[in-house]
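Down below is the structure, laid out as structure tokens.
The values are calculated or read from the model by the stated rules, or taken from the named source; none is laboratory data. Since the model is a prediction, treat every value here as computed from it, not as a measurement. Using ideal geometry, Cβ is built from the backbone for each residue, glycine included, and neighbour counts are taken over all protein chains shown. Side chains are part of the model used for accessible areas, which takes the heavy atoms of the whole protein and leaves out ligands, DNA and RNA. Shrake-Rupley method; radii C 1.70, N 1.55, O 1.52, S 1.80 Å.
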Amino acid sequence: MTVVTCIDDLRTLAKKRVAKAIFDYVDRGSYSEATLRANRADLESIALRQRVGVDVDRRSTRTTMAGQEVAMPVALAPVGLTGLNWADGEIHAARAAERFGVPYTLSTMSICSIEDVAGGVTRPFWFQLYVMRDRGFAASLIERAKAAKCSALVLTLDLQIQGQRHQDLKNGLAVPPRLTLGTALDIMTKPSWALNVLRGKRKSFGNLAGRIPDANSLTTLSQWIAGQFDPTLSWKDVEWVKKLWGGKLIVKGILEAEDAKTAASLGVDAIVVSNHGGRQLDGAISSIRALPEIVQAAGGKTEIWLDGGIRSGQDVLRALALGARGTLIGRAYAYGLGAMGEAGVARALEIIRSELDVSMALCGLRDVKDASPAILRPL
């Protein structure tokens, strides 16, 4: 039996178990994947200061994100196609997050619907919104999120036009997956994944039911998506969404100071510094490098969170030290889900909290809220 000690162990297990097209959808980025690599490399380049002779007993990783108490400053980011990594994957991930005490964000592009997830948990979750060309449909998603008692809306701003993801095109990714000679051979080597997904409640996008043409007519999922997202999306639409939603609003996909200032001026509850996990503008700055500038630009008017490249509790601590109030993990928990289902998501969260706790102690911290640049050492 494999002993899982880190997120990379979960990634290795997921790669062995999950169909290649689905695993690559989670794992890969756009174009040359320079930004995908930079997200990790720039985090790893930040050195921590080791302190000794400091009382670090009774440590706490507890804090709040947008006013919600959390077991650690980590939320599960929206990840599309989660339910194709494991049957009913969104429900399982939401349950694991609920038990652990961190927020779960359901993607617009989820396999299980808003209503499916609401029926599978006992506490409110967050919903991530893509504003598509049909504003009436966007409004209906907001109303469905309200009816499901979602406690926050996460509005993604960096997918007006989709960045090309070479591997998805090469894999011919479609939802539901199309059976070709290549996919058939791959699935033959991963029968447990196939049998598991077949047992799932849904095989296509639950939130978009009735709006997607027959998958057999699609060249790729990417080409279908490319026609749905709206290149006219503007800050006026953010104001419209904020008014229509009426609750806590988080905007995701900010990398530049001017955009952060605009978002803060609109009174959003949090800004997520994010380059979409290196899946959109390849060559864009890494999230961690952009973070200090965004924190300064927001001027304390709203919370700043970081998304992109988080694979450990040490990464979380680095982000907090540079001014983030919280972080989001996507691939890290998706690997866990693909590897072990709900238990894998729980294990990913346990790993990150343990690493965060130990790293805090070795940096001389007792409370996660005390993280500051003082624990970092310039290289």
query = In region 179-192, is there at least one residue being acidic (Asp, Glu), out of contact with any Ser or Thr (no Cβ under 9 Å at 6 or more places or on another chain), modelled with pLDDT of 90 or more and crowded, with 18+ Cβ neighbours inside 10 Å?
reply = no
Subset of region 297-330 [open to solvent by less than 10 Å² (accessible area, probe 1.4 Å), among the hydrophobic types (A, V, I, L, M, F, W, C) and in a helix (DSSP H, G or I)] = Ala298, Val316, Leu317, Ala319, Ala321
ask   = Is it the case that some residue within region 339-360 is modelled with pLDDT of 95 or more, open to solvent by 20 Å² or more (accessible area, probe 1.4 Å) and in contact with a His (Cβ under 6 Å, 6 or more places away or on another chain)?
value = yes
ask   = Of all residues in region 271-284, which are in a strand (DSSP E or B) and under 26 Å from Leu208 (Cβ atoms)?
value = Val272
ask   = Yes or no: Phe137 surrounded by fewer than 22 Cβ atoms within 10 Å (Cβ to Cβ) and closer than 27 Å to Arg279 by Cβ?
value = yes
message = I'd like the residue in region 31-59 that is touching a strand residue (DSSP E or B) at 6+ places or on another chain (Cβ under 7 Å) and over 25 Å from Glu350 (Cβ atoms) and, out of all such residues, is least open to solvent (accessible area, probe 1.4 Å).
response = Ala47
remark   = Just one listed residue, out of Leu173, Leu159, is open to solvent by less than 30 Å² (accessible area, probe 1.4 Å) and touching a strand residue (DSSP E or B) at 6+ places or on another chain (Cβ under 8 Å), and it is Leu159
message = Among (1) at pLDDT 95 or above; (2) within 20 Å of the chain's Cα centre (by Cα); (3) not basic (Lys, Arg), there is one condition Met109 misses while meeting the rest; what is its number?
response = (1)
request  = Specify which of the listed residues (Leu365, Leu349) is among the aliphatic types (A, V, I, L, M), in contact with a Ser or Thr (Cβ under 9 Å, 6 or more places away or on another chain) and in contact (Cβ under 8 Å) with a residue 24 or more places away in the chain.
outcome  = Leu365
key: So Cys112, is it open to solvent by 10 Å² or more (accessible area, probe 1.4 Å), in a loop (DSSP other than H, G, I, E, B) and not β-branched (Val, Ile, Thr)   = no
request  = Could you check region 3-46 for helices (runs of 4 or more DSSP H) lying wholly inside it with 3 or more residues that are more than 18 Å from Ser287 (Cβ to Cβ)?
outcome  = 7-17, 20-27
ask   = Within region 148-159, restricting attention to residues that are of a type in the set (Gly, Ala, Ser) and either out of contact with any Asp or Glu (no Cβ under 8 Å at 6 or more places or on another chain) or part of a strand (DSSP E or B) (or both), which residue is farthest from Ala263 (Cα to Cα)?
value = Ser151
request  = Kindly indicate whether Thr2 is at pLDDT below 95, open to solvent by 60 Å² or more (accessible area, probe 1.4 Å) and either touching a Gly at 6+ places or on another chain (Cβ under 9 Å) or not aromatic (Phe, Trp, Tyr) (or both).
outcome  = yes
inquiry  = Take the residues in region 203-242 that are more than 28 Å from Asp259 (Cα to Cα) and at pLDDT 90 or above; name whichever of them is surrounded by the fewest Cβ atoms within 10 Å (Cβ to Cβ).
reply    = Gly206
request  = Could you grab me the full set of residues in region 60-106 that are crowded, with 23+ Cβ neighbours inside 10 Å, among the hydroxyl-bearing types (Ser, Thr, Tyr) and in contact with a Pro (Cβ under 6 Å, 6 or more places away or on another chain)?
outcome  = Thr105
